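A.B. asks: Below you will find the structure I want to go over with you.
The values are calculated or read from the model by the stated rules, or taken from the named source; none is laboratory data. Since the structure is predicted, the reported quantities are computational estimates derived from the model, not experimental observations. Cβ sites come from the backbone with ideal geometry, for glycine too, and all protein chains shown count toward neighbours. Only protein heavy atoms, including side chains, enter the accessible area calculation; ligands, DNA and RNA are left aside. Shrake-Rupley method; radii C 1.70, N 1.55, O 1.52, S 1.80 Å.
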Amino acid sequence: MQFKEGTPLYSHEVQREGGEDVLYINYLGAPYVPSLADSAEVMGRTMDALIENPNISRIVFVQQKNYNYDFNETSMLLEMANLYVFLMKQEKILSHEKIVTNCEQFYSSRYNDLFSFLFLIKQDPLAAYSDIKRLIIEAKIFLDKVDDSCKRDQKNYIALLEKILGLLEKTEMIKRVYPYLDEYRRGDREIYHRIIKPDIIPNFTFTRLVLDLPEDAEIIDQYKIQEGTYDESLVTILRKEGEAKMVYHLTPPENTLSEEHSMLLNMAKNVLIEHQPKAEEFVDTERTRQVFLNIAKDLLRDLSGSKGIDLDYDDLNLLATILVRHTIGFGILEVLLHDKRLQDIVLNAPIPQVPVYLRHQDHFECVTNILPSQEDVNSWAAKFRMISGRPLDEANPILDTQLGIGKIRARIAIIQQPLSPDGLAYAIRRHRESPWTLPLFIKVKMLNPFAAGLMSFLIDGSRTMLVAGTRSSGKTSLLGSLMLEIMPKYRIIVIEDSLELPVESLRKLDYNILRMKVRSALLKTTSEVSADDGIRTSLRLGDSSLIIGEVRSTEAKALYEAMRVGALANVVAGTIHGASPYGVFDRVVNDLEVPATSFKATDIIGVANPIKSPDGLHSWRRLLQISEIRKHWKEDPVSEGGFVDLVKYNVEKDELEPTDDLRNGESEVIKDIASNVKGWAGNWDAVYDNILLRAKIKKEITDVAKKTGRDELLEAPFNTLSNHAFHEISGNVINEIGLPMSDRVFPEWQKWLNKQIKKKRL
């Protein structure tokens with residue numbers, strides 16, 4: 001929050017946010033930076049506010065930067081404030097009967113000592129603790145000196161002091177500092193820095209970041225996001241003893257700005273917030289962001305000039321970028337989405353009380369130092385509603401949409417009450433900025449060259465194919481890589497309810513491609529066309545390959561209509577949840593109610609699933625099998641031999657291996673492809689040679705990229721060039737000898753590859 005102009009200095013306000021009460025104290029205009037650790041005055045003022053508001057979960061000092069004290073630190077102060085109230089009101093330690101029994105001469109000095117102690121307990125609890133220990137020692141020494149008539153009185157006073165000491169020693173604050181008390185000197189506040197550290201939040205954002213690296217943690221990795229740009233962020237990966245998850249510690253540029261720059265951003269945000277874009281402007285988010293970026297630069301120039309603050313070119317660009325990010329953008333989420341190593345980002349409800357979790361490509365499951373605020377969470381949800389044009393409310397508590405920022409693409413799933421009783425929750429899947437390709441998958445061992453060659457052959461053979469797998473198994477990425485194996489001259493129609501497939505990238509590579517967006521199966525009402533109507537419509541749009549983002553619901557029946565119509569002409573492919581070929585059959589036939597005989601229209605099922613390390617801490621995505629569906633069975637494809645593996649994953653070797661059925665030429669699907677190709681019909685050796693040729697080419701690309709450090713050879717543009725060269729060279733060889741034999745095609749393709757590499761170097 002931000003206090004309004006004219007709010008009295010040091011005044012406080014309690015706000016309910018994300019299921020917790022937050023105490024805000026106004027330090028705007030204070031002549032110092034507020035700090036509980038450094039200032040007895042600040043601690044005393046805070047204790048007074050906590051005594052008035054005993055249900056606080058978090059404390060925030062509001063200045064040019066906000067200083068946030070989390071639940072653990074707030075709890076320590078609350079406990080001390082409650083102890084103060086207990087001693088004053090319940091124990092009444094300043095009352096006459098508590099201080100003396102019959103020796104009135106001691107009343108004044110004891111009252112003054114206890115009064116000073118109570119004053120200190122709010123401003124400097126450690127000094128109060130030190131004083132009470134001193135008072136006990138002095139009282140025990142004095143016991144030997146008092147008259148017998150006052151010994152009982154003195155003992156009662158010592159008992160009171162010891163009771164107070166016992167209560168103090170039970171507090172979390174004293175327990176936490178106990179290991180350091182040998183170094184402590186009364187009045188030295190340095191010891192508080194060991195147990196009380198604020199998270200410093202720029203005033204223009206609400207998201208909290210714990211900037212201090214966790215204690216007793218080992219740094220495993222460190223790298224920069226958007227390295228070399230003015231918008232550079234630092235990521236530190238740490239391992240804590242006894243913790244299964246790594247710590248992903250993010251330091252974005254907005255959290256390392258100077259006080260002057262933070263002040264400029266805060267002022268600029270207050271101006272821009274009055275000019276938020278309308279819902280219709282979010283239709284073209286890139287244009288809207290560019291307009292706001294230009295406005296932000298002009299505004300920051302004006303403000304910096306009026307305040308006498310110098311801004312160089314990089315400063316201006318950085319501040320404008322941050323300003324757009326935290327006004328019309330998605331704040332810290334955008335910084336995370338720029339990290340190419342992230343795969344999934346999860347925000348669990350209640351979001352303000354739970355750190356962001358994520359999945360990292362190298363370090364797997366991680367917990368972050370990020371705690372978004374309820375304001376940010378609500379703001380993001382409103383923007384996603386505008387971008388998607390879909391509802392998110394109690395009647396429609398689920399929103400599936402996508403986010404595009406420059407080259408960044410991500411799938412966004414949001415749930416809210418009543419489905420999520422603790423409020424909004426997000427699951428974000430970050431897509432690779434450019435499409436996955438088969439060579440890229442070979443590089444990360446998702447599949448091997450032979451499986452890549454087989455997949456390429458099946459795509460050229462216009463088969464019907466389902467890529468199956470569990471969640472986060474890589475099936476959508478694999479389907480995207482198979483789309484790149486379709487020759488660009490053929491038209492492709494893509495049907496999705498959530499835009500995840502790399503249509504824009506293929507369009508830039510001159511693919512003839514049309515995308516259709518259909519209604520999500522999770523939505524009750526919307527103006528969008530249903531998935532099954534979308535599939536049926538695609539059959540009226542001319543000769544095309546058909547790609548279905550995911551088979552989820554009633555569209556399965558329409559998909560199988562398309563498969564039966566298009567199986568002999570074009571590729572029909574999609575993804576589906578399932579851990580095995582039978583799992584796919586069971587889901588399609590029993591869950592989605594497609595007739596068992598219609599399921600035979602499926603030619604190929606590829607199954608991708610994560611495999612785990614023996615310790616259970618790591619997992620890797622792998623293609624586990626490619627199976628063909630034979631057509632002779634009537635009721636049960638398992639008992640009647642309807643599923644035949646062509647390649648199978650060997651877990652010991654971490655490798656896909658061709659099965660005997662494939663080696664021996666017993667694949668009915670591949671023989672069916674060959675039957676329509678001159679020179680291949682009945683010539684299994686020539687067919688298998690072509691699969692091996694494709695595998696050899698994919699392997700060569702991967703090897704050369706590794707050897708030369710030219711990673712661009714693995715990317716979609718070069719993959720498309722290579723496939724075109726392969727088909728062209730194959731055509732020339734066919735004209736010469738009748739068949740595209742590998743011993744003729746591969747050397748010619750290699751010459752082409754070498755020319756491309758030299759050309760790129762010039």
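A.B. asks: Cα centroid distance between the range 65-133 and the range 625-664, in Å?
C.D. replies: Going from one Cα centre to the other spans 77 Å.
A.B. asks: Here's a follow-up. Any idea how many Lys pairs in the range 426-522 come in under 20 angstrom at the alpha carbon, given 8 or more places apart or on separate chains?
C.D. replies: On the way: LYS443/LYS475; LYS445/LYS475; LYS475/LYS517; LYS489/LYS508; LYS508/LYS517.
Here the count comes out as 5.
A.B. asks: Which percent of the accessible area of the range 391-465 is formed by carbon and sulfur heavy atoms (probe 1.4 angstrom)?
C.D. replies: Values: 1370 of 2460 Å².
Reported share for carbon and sulfur atoms: 56 percent.
A.B. asks: Okay, next question. Name the long-range amide H neighbours of PHE330: under 5 Å, sequence gap of 5 or more, or other chain; modelled H, no Pro or chain starts.
C.D. replies: Here nothing satisfies the definition.
A.B. asks: Accessible surface of ARG194 in the full protein assembly, 1.4 angstrom probe, to the nearest 10 Å²?
C.D. replies: Estimated to the nearest 10 Å², ARG194 gives 100 Å².
A.B. asks: Oh, and also: Relative to the present Cα-Cα distance, how much length would full extension add between LYS678 and ASP711 at 0.36 nm per residue of separation?
C.D. replies: Working: separation 33, 0.36 × 33 = 11.88 nm, distance 3.71 nm.
Going from the current span to full extension adds 8.2 nm.
A.B. asks: In whole Hz, with x marking every Gly and Pro, tabulate ³J(HN,Hα) for the range 27-43 from phi via Karplus 6.51 cos²θ - 1.76 cosθ + 1.60, θ = phi - 60°.
C.D. replies: Running phi through 6.51 cos²θ - 1.76 cosθ + 1.60 with θ = phi - 60° gives 10, 5, x, 5, x, 8, 7, x, 8, 5, 6, 8, 10, 5, 5, 5, 5 Hz.
A.B. asks: Heavy atoms only, probe 1.4 angstrom, no DNA, RNA or ligands counted: give me HIS632, HIS431 ranked by accessible area, highest first.
C.D. replies: So, going from the largest accessible area down, we get HIS632, HIS431.
A.B. asks: Given a 1.4 Å probe and the protein chains all in place, what does the accessible area of GLU728 round to, in Å² to the nearest 10?
C.D. replies: Counting only protein heavy atoms, the figure is 110 Å².
A.B. asks: What's the FRET efficiency of ARG16 with GLU41 using the Cβ-Cβ distance as r and R₀ = 30 Å, to the nearest 0.05? Kindly include the intermediate steps, with their values, before the conclusion.
C.D. replies: Values: r = 28 Å, r/R0 = 0.93.
Efficiency at R0 = 30 Å is approximately 0.60.
A.B. asks: Magnitude of the Cβ-charge dipole of the range 334-448, K/R +1 and D/E -1, about the Cα centre, nearest 20 debye? All intermediate terms of the calculation are to be shown ahead of the outcome.
C.D. replies: On the way: 14 positive and 12 negative charges, 144 e Å.
Roughly 700 debye, rounded to the nearest 20.
A.B. asks: Starting from the amide H of ARG409, placed 1.01 Å from N in the peptide plane, find each other amide H under 5 Å away whose residue is 5 or more places distant or on another chain.
C.D. replies: Correct list: HIS431.
A.B. asks: Moving to a separate point now. What span do the alpha-carbon atoms of the range 466-508 cover on each of the three principal axes, reported in whole Å from largest to smallest?
C.D. replies: 33, 19, 15
A.B. asks: From the phi of every residue in the range 678-693, what ³J(HN,Hα) in whole Hz does the Karplus formula 6.51 cos²θ - 1.76 cosθ + 1.60 yield, where θ is phi - 60° and glycine or proline is x?
C.D. replies: Per residue, the Karplus-derived 3J(HN,Hα) values read 4, x, 9, 4, x, 10, 4, 4, 5, 5, 5, 4, 6, 4, 5, 4 Hz.
A.B. asks: Using 0.36 nm per residue of separation minus the Cα-Cα distance, give me the extension gain between LYS751 and ASP188 in nm, one decimal.
C.D. replies: Working: separation 563, 0.36 × 563 = 202.68 nm, distance 7.60 nm.
That pair, LYS751 and ASP188, stretches by 195.1 nm at full extension.
A.B. asks: For the range 712-752 and the range 668-705, what is the separation of their Cα centres, given in Å?
C.D. replies: Comparing the Cα centres of the range 712-752 and the range 668-705, I get a distance of 12 Å.
A.B. asks: Using only Cα atoms, tell me the angle between helix 125-143 and the longest principal axis of the chain; keep it within 0 to 90° and round to the nearest 10.
C.D. replies: Between helix and principal axis, roughly 40 degrees.
A.B. asks: If ligands, DNA and RNA are left out, what is the accessible area of ARG744 with a 1.4 Å probe, given in Å² to the nearest 10?
C.D. replies: About 90 Å², rounded to the nearest 10.
A.B. asks: Using heavy-atom solvent-accessible surface (probe 1.4 Å) with all chains present, what is the largest-first order of SER498, SER108? Intermediate results must be reported in sequence, preceding the final value.
C.D. replies: Numbers: SER498 5, SER108 70 Å².
Putting SER498, SER108 in descending order of accessible area: SER108, SER498.
A.B. asks: Taking the Cα centre of the chain as origin, sum charge times position over the Cβ atoms of Lys and Arg (+1) and Asp and Glu (-1), and report the length of that vector in debye to the nearest 20. Show your work: numbers first, answer last.
C.D. replies: Values: 96 positive and 111 negative charges, 333 e Å.
Charge dipole, the chain, about its Cα centre: 1600 debye, nearest 20.
A.B. asks: Follow-up. Compute the signed sum of charges (Lys and Arg +1, Asp and Glu -1) over the other residues within less than 13 Å, Cβ to Cβ, of ASP661.
C.D. replies: Details: positive: ARG630, LYS648, ARG663, LYS671; negative: GLU628, ASP645, GLU657, ASP660, GLU666, GLU668.
Net charge in that neighbourhood comes out at -2.
A.B. asks: For the chain, what is the percent of antiparallel DSSP beta bridges, rounded to the nearest 5?
C.D. replies: Here the share of antiparallel DSSP bridges comes out near 70 percent.
A.B. asks: Here is a further query. What do you reckon, how do GLU528, GLU241, GLU259 stack up by accessible area (1.4 Å probe), largest on top?
C.D. replies: From most exposed to least exposed: GLU241, GLU259, GLU528.
A.B. asks: How large is the dipole of the range 171-244 about the Cα centre if only Lys and Arg carry +1 and Asp and Glu carry -1, each at its Cβ, rounded to the nearest 20 debye? Please report the intermediate quantities before stating the final value.
C.D. replies: Details: 11 positive and 16 negative charges, 89 e Å.
Computed about the Cα centre, the dipole is about 420 debye.
A.B. asks: Could you tell me which label, among (i) 62, 27, 23; (ii) 58, 29, 21; (iii) 66, 28, 25, carries the value of semi-axes √(5λ) of the Cα gyration tensor in Å calculated for this structure?
C.D. replies: Computing semi-axes √(5λ) of the Cα gyration tensor in Å and matching it to (i) 62, 27, 23; (ii) 58, 29, 21; (iii) 66, 28, 25 gives (iii).
A.B. asks: Under the Karplus relation 6.51 cos²θ - 1.76 cosθ + 1.60, θ = phi - 60°, what is the ordered set of whole-Hz ³J(HN,Hα) values for the range 456-473, x standing for Gly and Pro?
C.D. replies: 4, 4, 5, 5, 5, x, 6, 8, 8, 8, 10, 9, 9, x, 7, 4, 6, 8
A.B. asks: If amide H atoms are built 1.01 Å from N in the plane of the peptide, which residues on other chains or at least 5 residues away come under 5 Å of the amide H of ASP221?
C.D. replies: Under 5 Å from the amide H of ASP221: ILE237.
A.B. asks: Taking 0.36 nm per intervening residue step and subtracting the Cα-Cα distance, what contour gain separates ALA244 from LEU181 on full extension? Intermediate results must be reported in sequence, preceding the final value.
C.D. replies: Numbers: separation 63, 0.36 × 63 = 22.68 nm, distance 3.27 nm.
Residue separation times 0.36 nm, minus the Cα-Cα distance, leaves 19.4 nm.
A.B. asks: Another question, if that's okay. For the range 50-150, run through the trypsin sites (Lys or Arg not before Pro) and keep only the ones in DSSP coil with at most 14 other Cβ atoms within 10 Å of their Cβ.
C.D. replies: Working: sites: ARG58, LYS65, LYS89, LYS92, LYS98, ARG110, LYS122, LYS133, ARG134, LYS140, LYS145; in loops: LYS92, LYS145.
Within the range 50-150, the qualifying trypsin sites (Lys or Arg not before Pro) (loop, at most 14 other Cβ atoms within 10 Å) are LYS92, LYS145.
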